[in-house]
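This report refers to the structure that appears directly beneath it.
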Protein chains: 2
Amino acid sequence: MPKEARPSTGEQARQHALAQLRQAILQGDMAPAQRLVENELAEQFGVTRASVRAALIELESEGLVERIRNRGSRVRVVTVEEAVAITECRMVLEGLCAGKAAVEATDEQLDQLTALGEAMSKAVADGEPVTYSDLNHELHAHIRQFSGQQVAVGLLERLNAQLVRHRFQLALRPGRPQKSLSEHLAMIDAIRARDPQAAEEAVRSHLAGVIDALRE
Amino acid sequence: MPKEARPSTGEQARQHALAQLRQAILQGDMAPAQRLVENELAEQFGVTRASVRAALIELESEGLVERIRNRGSRVRVVTVEEAVAITECRMVLEGLCAGKAAVEATDEQLDQLTALGEAMSKAVADGEPVTYSDLNHELHAHIRQFSGQQVAVGLLERLNAQLVRHRFQLALRPGRPQKSLSEHLAMIDAIRARDPQAAEEAVRSHLAGVIDALRE
DNA sequence: ACGAACAAAATTGTTGACAATGTTGTTCGA
DNA sequence: TCGAACAACATTGTCAACAATTTTGTTCGT
């Protein structure tokens, strides 16, 4: 059994570098459109340039990084129009997942959704938008998971990764949580009622609302 | 202007190798589940191993290749269940595209769809399933394109690449083109009528039919 | 002072060699 | 004969150096 020591060098360098870099981008440590110089990253993470390079190639196809031939890599900036287009795709894919979840979820899983709904109501009542945003994300993740639709889950996780920056922006908008909450509760109710069509429709109208909000 | 000479070595090796390998997999030159040894591929394509490696990393995240740590790469085999799951995602994403296409397409583009529909009818009448399959693919590609939804187009192209093997299998099934044709004509009519909801519904019921056929 | 040609620096793309890991075949003991 | 330890092989992972390309800064002519 290999011990869980940090693979600082010479072990699983690429995976290490990849995880580090991905997290750095997702957490917003890297400024948007910041240049990503392979040498700097290699030194920063204590791996060789080849490993950084491999990680960058992977991150590019995840849509988190932009690479131009002989010009280098940048953190990709997602414009508002792109965010809208991405959310349109989320709309139909999460709709699919919700419909399946309404049929496939176990009773225990439905209870989890109920609990999440109550926690979200409390977060809004207490005026904690950050907590609410986290729960929001968690709810969507649970619904995806309960659907058992692995392909859709994969696509959605990739799409969501590209939206981190926009999500924070949206959660802090005044009045937004209140409107969002009722839509989320409707989603939960439809799934609990095991009504696939209603679940799909609830998710779609919720994300249609998100799109309106994105457009301001 | 750089001449179009083959970049056999030292030029754009990675892109060359990537294109070559992708095409080889898509055309079915590589047997399913065939082992992809980096050294062999490097020699076969006349590039270095690093380029092949980069190409494999990219193909992995496209879902065409499977890579296991320290064990090598294989051509990924898509099971029937996976093909169904993929087609479910196609169903909602192409539905989204069709709805947008019904609104966004120009009149010239609608004429193209009409022409495609007539060609498909002819191919079925003449009993040419291969021609029909090609036109089928072309029709779906056109609808995607006319939607202007770049994110959805990207996702769909990736999903479709994973289905090449199953598509052929389906097209040659007796009686399948006849059933499929009427569904396709319904899609075209709905888009020409500029009715987004009807277009989305037509696409979804068509692909629901494909799913049934996949399951046999 | 302005623009074009040119040179220098920075950065990515490529190569071959080396290390780590997993796989397979063989030998030895019971 | 069977199974486990071991050794040889095959393959991937990592590294450091080199080549090609692009960008930037400078000089020269007008």
For this session: Run down A:Leu64, A:Leu93 and say which single residue is under 15 Å from A:His166 (Cβ atoms) and either of a type in the set (Ser, Thr, Tyr) or more than 16 Å from DNA strand D (Cβ to nearest atom) (or both).
Result: A:Leu64
Exercise. Tally time: how many residues in region B:126-154 are outside any helix (DSSP H, G or I) and away from every other protein chain (no Cβ under 14 Å)?
Worked result: 3
For this session: Would you mind stating whether A:Ala55 is touching a Leu at 6+ places or on another chain (Cβ under 7 Å) and at pLDDT 85 or above?
Result: yes
For this session: Output the residue which, of all residues in region A:56-72 that are at the interface with another protein chain (Cβ under 9 Å from one of its Cβ atoms) and within 23 Å of A:Gly28 (Cβ to Cβ), is most open to solvent (accessible area, probe 1.4 Å).
Result: A:Glu60
Problem set entry | region A:99-143 - residue that is free of Cβ contacts under 8 Å to residues at least 40 places away in the same chain and in contact with a His (Cβ under 8 Å, 6 or more places away or on another chain) and, of those, least open to solvent (accessible area, probe 1.4 Å) | A:Gln109
Seminar exercise, completed: The residue that is nearest to the other protein chains (Cβ to nearest Cβ), considering only those in region A:73-84 that are more than 16 Å from DNA strand C (Cβ to nearest atom) and either hydroxyl-bearing (Ser, Thr, Tyr) or buried (at least 21 other Cβ atoms within 10 Å of the Cβ) (or both), is A:Ala83
For this session: Consider A:Phe146 carefully, then state whether it is closer than 27 Å to A:Gln23 by Cα and buried (at least 19 other Cβ atoms within 10 Å of the Cβ).
Result: yes
For this session: List the number of the failed condition for A:Gln23; all other conditions in (1) out of contact with any helix residue (DSSP H, G or I) (no Cβ under 8 Å at 6 or more places or on another chain); (2) within 14 Å of DNA strand D (Cβ to nearest atom) hold.
Result: (2)
Problem set entry | Residue check for B:Gly117: closer than 23 Å to B:Pro177 by Cα, away from DNA strand C (no atom under 16 Å from the Cβ) and outside any loop (DSSP other than H, G, I, E, B) | yes
For this session: Quick one: B:Glu94 ticks every box in (1) in a helix (DSSP H, G or I); (2) out of contact with any His (no Cβ under 8 Å at 6 or more places or on another chain); (3) within 13 Å of chain A (Cβ to nearest Cβ); (4) of a type in the set (D, E, K, R) except a single one, so which number is it?
Result: (2)
For this session: Give B:Ala161, B:Ala202, B:Ala171 a once-over and let me know the one that is in the same structural domain as B:Glu108 (by TED's automatic domain parsing), more than 22 Å from B:Gln27 (Cβ to Cβ) and either open to solvent by 20 Å² or more (accessible area, probe 1.4 Å) or not β-branched (Val, Ile, Thr) (or both).
Result: B:Ala202
Seminar exercise, completed: Within region A:174-199, restricting to residues that are open to solvent by less than 20 Å² (accessible area, probe 1.4 Å) and in contact with a Gly (Cβ under 8 Å, 6 or more places away or on another chain), the one that is farthest from A:Ile143 (Cα to Cα) is A:Ser180
Exercise. B:Ala50 versus (1) aliphatic (A, V, I, L, M); (2) over 15 Å from B:Leu155 (Cβ atoms); (3) crowded, with 17+ Cβ neighbours inside 10 Å: which is the lone unmet condition?
Worked result: (3)
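The values are calculated or read from the model by the stated rules, or taken from the named source; none is laboratory data. Since this is a predicted model, take the numbers as computed values, not measurements. Cβ coordinates were reconstructed from backbone atoms using ideal geometry, including for glycine residues, and neighbour counts include every protein chain displayed. All accessible areas refer to the heavy atoms of the entire protein, side chains included, with ligands and DNA or RNA removed. Shrake-Rupley method; radii C 1.70, N 1.55, O 1.52, S 1.80 Å.
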